[in-house]
Number of protein chains: 4
Amino acid sequence: MTTAVTPTLSGVIPPVCTPLTPEGEVDAGSLARLVDHLVAGGVDALFVLGSSSEVAYLTDAQRKVVLDTVIGHVGGQVPVLAGVIDMTAPRVLAHARVAVAAGASGLVATAPFYTRTHPAEIRTHFRAIAAGGGVPLYAYDLPVSVHTKLSAELLLELAAEGVLAGVKDSSGDDGGMRQVILRREAPFSVLTGSEVTVDAALWMGADGVVPGLGNVDPHGYVNLVRSASRGDWEAARREQERLVRLFEIVHVGGSRMGGSSAGLGAFKAALHLRGIIDHPATAMPQTPLNDDEIGRIGKHLAAAGLL
Amino acid sequence: MTTAVTPTLSGVIPPVCTPLTPEGEVDAGSLARLVDHLVAGGVDALFVLGSSSEVAYLTDAQRKVVLDTVIGHVGGQVPVLAGVIDMTAPRVLAHARVAVAAGASGLVATAPFYTRTHPAEIRTHFRAIAAGGGVPLYAYDLPVSVHTKLSAELLLELAAEGVLAGVKDSSGDDGGMRQVILRREAPFSVLTGSEVTVDAALWMGADGVVPGLGNVDPHGYVNLVRSASRGDWEAARREQERLVRLFEIVHVGGSRMGGSSAGLGAFKAALHLRGIIDHPATAMPQTPLNDDEIGRIGKHLAAAGLL
Amino acid sequence: MTTAVTPTLSGVIPPVCTPLTPEGEVDAGSLARLVDHLVAGGVDALFVLGSSSEVAYLTDAQRKVVLDTVIGHVGGQVPVLAGVIDMTAPRVLAHARVAVAAGASGLVATAPFYTRTHPAEIRTHFRAIAAGGGVPLYAYDLPVSVHTKLSAELLLELAAEGVLAGVKDSSGDDGGMRQVILRREAPFSVLTGSEVTVDAALWMGADGVVPGLGNVDPHGYVNLVRSASRGDWEAARREQERLVRLFEIVHVGGSRMGGSSAGLGAFKAALHLRGIIDHPATAMPQTPLNDDEIGRIGKHLAAAGLL
Amino acid sequence: MTTAVTPTLSGVIPPVCTPLTPEGEVDAGSLARLVDHLVAGGVDALFVLGSSSEVAYLTDAQRKVVLDTVIGHVGGQVPVLAGVIDMTAPRVLAHARVAVAAGASGLVATAPFYTRTHPAEIRTHFRAIAAGGGVPLYAYDLPVSVHTKLSAELLLELAAEGVLAGVKDSSGDDGGMRQVILRREAPFSVLTGSEVTVDAALWMGADGVVPGLGNVDPHGYVNLVRSASRGDWEAARREQERLVRLFEIVHVGGSRMGGSSAGLGAFKAALHLRGIIDHPATAMPQTPLNDDEIGRIGKHLAAAGLL
């Protein structure tokens, strides 16, 4: 069951959190409810097995459970993109085969990591994944994890070749993103991964957003994007500014834990407080938020009108 | 078939290259010959599925072929350690189960990578792997890939707990390594991952070496370590200096490719020139060395008395 | 002669290039003409001795020539901010005394660099400079040079204390910048250092821009900011997009030279081609652009309507 | 009064701490006593205005006081090298003129920092300093401060040209240092900046050591180097191991302050406890050690037989 992807993917495409049981298994029931929550919020597509989905912590068996649960449950209402996050093309391709067989509409891959690589090798890597995947391929630019920045030149070259259908830009480098937007010629979706500069990215010509915080408040991001689409930039900005304040939840965990734990823990705590998922558990070895921290997240939710 | 590991693993433990066919599959025949070459060279143990084994490029199925081929072929003559390289403990544990079932004598794991982590989480990560593994666990300190340095404090604490049986230190920080050597109380193997300062590391009290270049010249590293063991440090240094010059082969590929391609390509080209493996192919998307570069590697081998 | 700085500095504040003779001395005549060009372009203030001024290459004597030339020539038409770029507070304060005596309206300082520092020490550093300076102090957030990012928390705390009057944010992290904009309570100028996302920064609430490219095309940046001020965001974006394309000149030097050489060399080549300065020379040891590269910069200028 | 430098500088060359008054001025009396302490300890030369001298915190006037005090007080008993630490060649040359006029026997300079540079520009930088200096020039390889690593190729090329007389290698990369040692052809001093691997560096062929900890215990480092020189490597190692344990003092300040504060604060606290300098004060904005921390440093000194 493959859902067609429009030539330029656009709108709100949240990276779907992966609810877990306290034992660390995928909580399929909660995941289905989260999907319903997102679809009801009006999102344009779903992105499973991204960084915000704790893909780095999920075994291959768990990744497959996520794919089957989400693609099965969503039933073609919106396209489902799948992250195929691994160190190099051969391992990425193994994930790609599973994702495509499960019905993913598109694949999202980073540059090689762990290895010491080179731009020429990054090109080869994406070409191989695109050739083997069979569905549109999106580059995931995430230097904080991959320790390589995808240059505008590289993206534009692979766009012109038809290798890449778009980019999820989580680099924070909006200047570089704008170069891609202004210089692209082939259809090529530019999606910002930033939760807090979406109105600006859309203003520059980005096609959409992949916001981790969109798990918690999909209606907010949908309202933001739709306001911008109809030209009501003031409304878009007001919504964005509310979401900027809500995004403070990712700092509650502070310096006693890693940035992944603090961010993903906050999203899950918020989803649990909102009654959407059964457990706020994050995957091992992340440090869990404590009761005080969860309480502070609750106050942020209340301030944002979400509790 | 589990081979017992001595309390403190020591000596020469090469990270075994993974010969590939031009199509990118594991060349089991060449791998068996490489194992024979290393065992005949007098090495004390083998380390499969490390960075020099191109583990980042091998699919899980290929990793299993490597484990079965090497452990089967070596037949208990020397212990075989297995790299279980992946992003976080849950994924590492999946590899660990396969490796232990295949008969690995010990496991080698890095800190979490790709995620934004924290020392407390690194401790949890290693504890979980040790608890789930069932064989001795060695930490792999490789900041160039993992982007985290394992501190002496962390290593000594996990050694005292019995979580870690040792460390492969590829950080290049010999001062930090010496802190661990001087302050360790529990049995804890300190193995340098440097090809070019082995005599110095042994002089400081390191127990052994895990040299990628040991694939090409195991006799050299065995001679180095045995010379040091019997107190003939002058002979150890002479052998080390010869190997320092031979190590220049890793720079032949230069800046037109990634560091992984240049280093692993050089080892494989040398093994091919020496007639030990059938193909010098490296895994995709690495850039292959060209004929001129391979010719220069041949000259280095000749100068080192290996052709 | 001190020119009063408005409580919240705003608008276009170009970091003034420092024209040099081929022998590496400050070309005061060209510098005066550049000042005229900028003031005629409508800029709101000038920032001398910033990174784009090659401050890292100027001796203390040359820095003083720049201060005296610019402050003397501008004659109070607009405020002149002075960079006081050095490793730590004691050295920064020595520059501050010279700059204030010369009539600078405000000072711009980075966090400590070269030393291994800590947020508590960065706070002490800025407090000491503010206490000793006597004119408003602006933080210069430039991680590519300083290798430290100034957090929103740190900036807001020092704003609330009255230590900092504003920030020049050249970090590229517009999400962090927005946090400062939304959470500031004291008067605190937020100025983007990005040449290519100015409309977006203003949209988010930034007060102004410090664009290196503003040397080449001050009228463009003034038009951009004034269009935004009067609510004509479409015009602001059109102007910004033209300037994004012009900004390509900083990549002409490419990978054969450092990023500073390529960027500053391009600005100076453009100023020379436009007839504003007598020599395109950059300071030693920067690599100069060659004739072919300068020719390509000329084509960019022509395409932008500047030749 | 220029003291001749031997073609290959060798032995123990401590980077001389700069004692300060509580008000932050150079304490010339304490500095003279420190010089006496070092010369009495048998050191082979002195290195003033290095990182361990807090050069990054000293004004130009204070730098001159240090030069005059030390060169005047040492009276030619040993050569005095001077750090000329600044961002680029033009500023470095200004310091060089002062240092040479004051009688420095050699200059020590880093690669450019703060700017975004390139190997070709680093070569130009060192060539310009050497041409303008008039005394032997030593490269200071300190990536933790400069954020560039000097490659073996670059060092060997500048050695062959006669531009560089040697290197102080504080990179921690002993493998790279060994490449330089084995491949150098011109007279070229290789000095390790590591306090804790000196026996190993000498074993590899290094000519000497520039140990910050040598301020505290010059006799120890002199004993270490002399033991190695006469071939008594066991004695050298015993001395080094004692000094490795003493070096723990640099970690006492821990994560509540920057690494510079913790290290330099520890050296000064130890010198104060030993009665050599009048005040343990470090320069602003470094965080001072508290009484508890100073007490722990005292225990380390006692354990090392220095109190």
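The values are calculated or read from the model by the stated rules, or taken from the named source; none is laboratory data. These figures come from a predicted structure and were not determined experimentally. A quick note on method: Cβ atoms are made from the backbone with ideal geometry, for glycine too, and the neighbour counts reach across all protein chains shown. Each accessible area value is taken on the protein alone, full model and side chains, heavy atoms only, with ligands, DNA and RNA left out. Shrake-Rupley method; radii C 1.70, N 1.55, O 1.52, S 1.80 Å.
Relative to the Cα centre, what is the charge dipole magnitude of segment D:165-298, using +1 at the beta carbon of each Lys and Arg, -1 at the beta carbon of each Asp and Glu, and rounding to the nearest 20 debye? It would help to have the intermediate numbers written out before the result.
On the way: 14 positive and 17 negative charges, 29 e Å.
Result for segment D:165-298 is approximately 140 debye, rounded to the nearest 20.
When you look at the Cβ of every residue in A:115-126, what mean number of other chain Cβ atoms sits within 10 Å? Mind showing how you got there, number by number?
Details: counts 15, 10, 9, 12, 1, 7, 8, 2, 1, 4, 3, 1.
Other-chain Cβ atoms within 10 Å of each residue's Cβ, averaged: 6.
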Quick one: work out Rg over Rh on the C-alpha atoms of chain A, Rh as Kirkwood radius.
0.94
For the pair B:Ser229/B:Gln77, report the inter-label distance in nm, with labels modelled 7 Å from Cα in the Cβ direction.
1.6
Projected label distance in nm at C:Asp68 and A:Ala32, using a 7 Å step from Cα toward the beta-carbon
8.2
Label-to-label distance, nm, for residues given as A:Thr8 and A:Leu307 (7 Å Cα→Cβ offset):
4.1
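Taking the mean number of other Cβ atoms within 10 Å as a proxy for protection, how do you rank D:276-289, B:77-90 from highest to lowest? The partial results should precede the final answer.
Values: D:276-289: 21.6, B:77-90: 25.9.
In descending order of packing, they fall as B:77-90, D:276-289.
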At D:Asp36, with labels set 7 Å past Cα in the Cβ direction, how many nm apart are the copies from this one, shortest first?
6.4, 7.5, 8.6
Binned Cα-Cα distances of the protein assembly as shown, short to long, each 10 Å bin given as a whole percent
2, 9, 17, 21, 22, 18, 9, 2, 0
For peptide A:166-177, what's the mean number of Cβ atoms from other chains within 10 Å of each residue's Cβ?
3
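Hey, with R₀ at 60 Å, roughly what FRET efficiency would A:Ala186 and B:Ala160 work out to, going by the Cβ-Cβ distance, to 0.05?
Values: r = 58 Å, r/R0 = 0.97.
Given R0 = 60 Å and the Cβ-Cβ separation, E is 0.55.
Hey, can you list the DSSP H helices of chain B whose Cα span along the axis is 20 Å or longer and whose average Kyte-Doolittle score is at least -1.0? The partial results should precede the final answer.
Details: long enough: B:60-74 (21 Å, 0.25); B:119-133 (21 Å, 0.01); B:259-273 (21 Å, 0.77).
Once both thresholds are applied, what remains is B:60-74, B:119-133, B:259-273.
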What GluC sites (Glu not before Pro) in segment B:172-253 are in a loop by DSSP, with at most 12 other Cβ atoms within 10 Å of the Cβ?
B:Glu185
Distance from the Cα centre of segment B:141-159 to that of segment D:226-244, in angstrom?
28
Other copies of A:His279: label-to-label distances in nm, shortest first, labels 7 Å along the beta-carbon direction:
4.5, 6.0, 7.2
At 7 Å out from Cα toward Cβ: C:Arg245 inter-copy label distances (nm, ascending):
4.1, 5.9, 7.2
Charge tally for neighbours of C:Val163 with beta carbon under 11 Å away, counting Lys, Arg as +1 and Asp, Glu as -1, is 0
Once you charge only the Cβ atoms, +1 for Lys and Arg and -1 for Asp and Glu, what is the size of the charge dipole of the protein assembly as shown about its Cα centre, to the nearest 20 debye?
0
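For the pairing of chain B with chain A, what total accessible surface becomes buried, with a 1.4 angstrom probe, in square angstrom to the nearest 100? Could the numbers behind the result be given before it?
Working: alone 12490 and 12480 Å², together 21310 Å².
Chains B and A together bury approximately 3700 Å².
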Can you find, among D:Tyr138, D:Pro14, D:Ser260, the residue sitting farthest towards the positive end of the charge dipole of chain D, where Lys and Arg contribute +1 and Asp and Glu -1 at Cβ?
D:Tyr138
Gyration tensor over alpha-carbon atoms, segment B:30-75, equivalent ellipsoid semi-axes in Å:
19, 12, 8
Can you list the residues of segment D:267-289 that have at least 10 square angstrom less accessible area with all protein chains present than in their chain by itself, probe 1.4 Å?
D:Met284, D:Pro285, D:Thr287
Could you name the lysines in cross-link range of C:Lys299, using Cα to Cα under 30 Å and dropping any fewer than eight places away on the same chain?
A:Lys149, C:Lys268
Sulfur and carbon atoms: percent of accessible area, the protein assembly as shown [1.4 Å]:
53
Can you name the residue in chain A whose Cβ lies closest to the A-to-C rotation axis, and give that gap in whole Å?
A:Ala200, 2
Near C:Lys168, which aspartates and glutamates are there with a Cα under 13 Å away, not counting those fewer than 8 places off in the same chain?
C:Asp141, C:Glu195, C:Asp207
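Sum -39500 (n - 2.57) across every DSSP H segment of at least 4 residues in chain D, then divide by the residue count to get the 222 nm mean residue ellipticity, nearest 500. It would help to have the intermediate numbers written out before the result.
Values: 12 runs with 142 residues, N = 307.
That calculation yields -14500 deg cm²/dmol at 222 nm.
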Quick one: compute the contact order of segment D:11-230, relative version, from alpha carbon pairs under 8 angstrom and 6+ residues apart, as a percent.
20
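Would you mind working out the magnitude of the charge dipole of chain B relative to its Cα centre, with +1 at each Lys and Arg C-beta and -1 at each Asp and Glu C-beta, to the nearest 20 Debye?
Numbers: 24 positive and 31 negative charges, 43 e Å.
Once rounded to the nearest 20, the dipole reads 200 debye.
Hey, can you find the accessible area per residue of the protein assembly as shown for me, probe 1.4 Å, expressed in square angstrom? Walk me through the intermediate numbers first.
Working: 38360 Å² over 1228 residues.
For the protein assembly as shown, the solvent-accessible area averages 31 Å² per residue.
So, R0 is 25 Å and r is the distance between the beta-carbons of D:Glu25 and D:Ser255; what FRET efficiency does that work out to, to 0.05? Walk me through the numbers on the way to the answer.
Values: r = 30 Å, r/R0 = 1.20.
In this case the efficiency is close to 0.25.
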